[in-house]
Structure formats: structure tokens, C-alpha cells
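The values are calculated or read from the model by the stated rules, or taken from the named source; none is laboratory data. This is a predicted model, so every value here is computed, not measured. Every residue, glycine among them, receives a Cβ derived from its backbone with ideal geometry; neighbour counts consider all protein chains shown.
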Amino acid sequence: MNEVIYYILFLVAGLITGSFLEVVIYRIPRKISLIRPSSFCPECGKKIAFYDNIPLISYLALRGRCRNCKKRIHLKTLLVEIITGLLFMACYAFFGISLYTLNGIILCSLLVAISFIDLEFGIIPNVIVIPFSIAGLALNIFLNLPKWWLPPAFAAGAFIFMLIIHLVYPAGMGMGDVKLSFMVGAFLIKSVVVGLFAGFLVGSVAGLILIIKNRKLRQAIPFGPFISIGSIIALFWGNNILKWYTGFF
Ligand SMILES: [Zn+2]
């Protein structure tokens, strides 16, 4: 029974965080302050009352429309909240209540925000990646003591690996992806190997599907979401995949 309460708490915390991430996704690329003005409808500009800003519940109560202008609230809003809620629950399921859970929910929140920004704007903002690379390093150095060198070593390794790809094929891999790889390396440490590999695998499959459907790719697809999907796989299953893989030798 207790267990269920924790799952619900993590789900709710994730929904609330997702609602904040939606603000981040909307405002950071548009260079609007995260604090002021308070939440507003992107269609009519009307301030959103607190009771219309409750994650998930308000969306359902308003039937997905703004109370003022009745325009549709973007489904993405709901999607960001639900994905974040489910990822928070998964962090609890895998890590219980520990500093690893904190590590997981920070990384998941960052990846949700970065993926949606990259999908819409094709950028990965430095204002997110740089401070959280430092935060991720600090937390993971602490978690890995006395082997303090592991997080910076794997972060730097991921950075250099992706930098080489960027230099060889600048059109396919932006500098934003390279910096993002450093950040996920700080959080994932040795699992970052799985994260990048899974990211390339998912990215290739998605690229192939797009090529088959559109005959040819008209524009480069953002790679940030694939690094993010790979990183989430690595966060939850990275150690097991590495064990399974090294078991062959
Ligand atoms: Zn409106």
C-alpha cells in the first residue's frame, strides 16, 4: 500500500515538474524570463489563473481549450506533463528513494525540455546544458567517491567522440549535440556508452522510416531527441546492458 502512495507522489511531482518544463520549452528559445510574466495563453495572451494551471486536471476540466479565447491548448503541453510524470515514476521504480533517484529525475527533466526545444527550434540551449553539466558532474562525483574521476572522464569521452563526428559530418551533428553528450556523460558515467549507441540506433531507424516515407530527407532531423531517448534507456538499463555485453568476452 505504501508503495502505491510513493508511485502516486512521484507521478504528481513529475506532472508538476512537466508543467514547469512546458514553461521552459516555450520561454527559453523565445528569450522570455522564466519568472515574469506569469503563465499566459500563447494564443490570446490572457493570464492563466492558478486553478486553470493545474497539471493534467485543468487540461481535462477545460477540455483542452483556453478559458478565454477557446482556442485549443497545444496537445504538447499535456504530452510533456505525462511523459515527465511517467519518467519520475520509473525513477522511483528503479532507484527507490535515494540520491540516484534525484540524479534520474534531474536528467529526465533536462532531456524532456531539451528534446522538445530541439524538435521545435532545432537548438539545444547553452543556458540549460552548461549549468546542468556542472551540476551533474558535482552530484555524480559525490555519488562515485572515491572514484571521483569517472564522471568527468566519461563526460569528456562522450564529448570528444561526438566532436569527431561533428568535425567529420558537421551537417548531421551540431555542436549542441556535442555539448549535450558531455552533459549526459556527467549523469550516466559509463552507461553513456549505451546511451549514445542506443541514440544512434533509434536515430538510424527513425531516419530510415522518414526516408522511406518522404523518399528523401529534405532537412536534417534534430539529433537531441535521439540522444535523449538513448540516455533514458541507458539510465534505466545501461548497467545491465553493459554487463550482458561484456559477458560475451
Ligand atoms: Zn487564450
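General remarks:
- Selected residue (only one of 61, 90 is more than 16 Å from the ligand (Cβ to nearest atom), modelled with pLDDT of 90 or more and of a type in the set (Gly, Ala, Ser)): 90
- In a residue-by-residue description of segment 67-80, the property of being part of a helix (DSSP H, G or I), touching a residue at least 24 places away in the same chain (Cβ under 8 Å), surrounded by 18 or more Cβ atoms within 10 Å (Cβ to Cβ) and more than 16 Å from the ligand (Cβ to nearest atom) applies to at least one position.
- Selection of first residues in segment 186-215 that are farther than 28 Å from residue 103 by Cβ and of second residues that are at pLDDT below 85, restricted to Cβ pairs under 9 Å at least 6 apart or on distinct chains, gives the following pairs, ordered by first then second residue: 207/217; 207/221; 210/217; 210/221; 211/217.
- Options 164, 160, 189, 211; residue that is closer than 30 Å to residue 89 by Cβ and either assigned by TED's automatic domain parsing to the domain that holds residue 121 or outside any helix (DSSP H, G or I) (or both): 189
- Candidates 105, 124, 97, 117, filtered to the one that is part of a loop (DSSP other than H, G, I, E, B) and either of a type in the set (Lys, Arg) or surrounded by 18 or more Cβ atoms within 10 Å (Cβ to Cβ) (or both): 124
- Cβ-Cβ under 6 Å pairs, at least 6 apart or on other chains, segment 30-58 side more than 19 Å from residue 75 (Cα to Cα), far side more than 14 Å from the ligand (Cβ to nearest atom): 34/27
- Residue in segment 10-33 that is within 16 Å of the ligand (Cβ to nearest atom), at pLDDT 90 or above and among the hydroxyl-bearing types (Ser, Thr, Tyr) present: yes
- Selected residue (only one of 37, 29, 55 is at negative phi, outside the structural domain of residue 115 (by TED's automatic domain parsing), surrounded by 17 or more Cβ atoms within 10 Å (Cβ to Cβ) and in a loop (DSSP other than H, G, I, E, B)): 55
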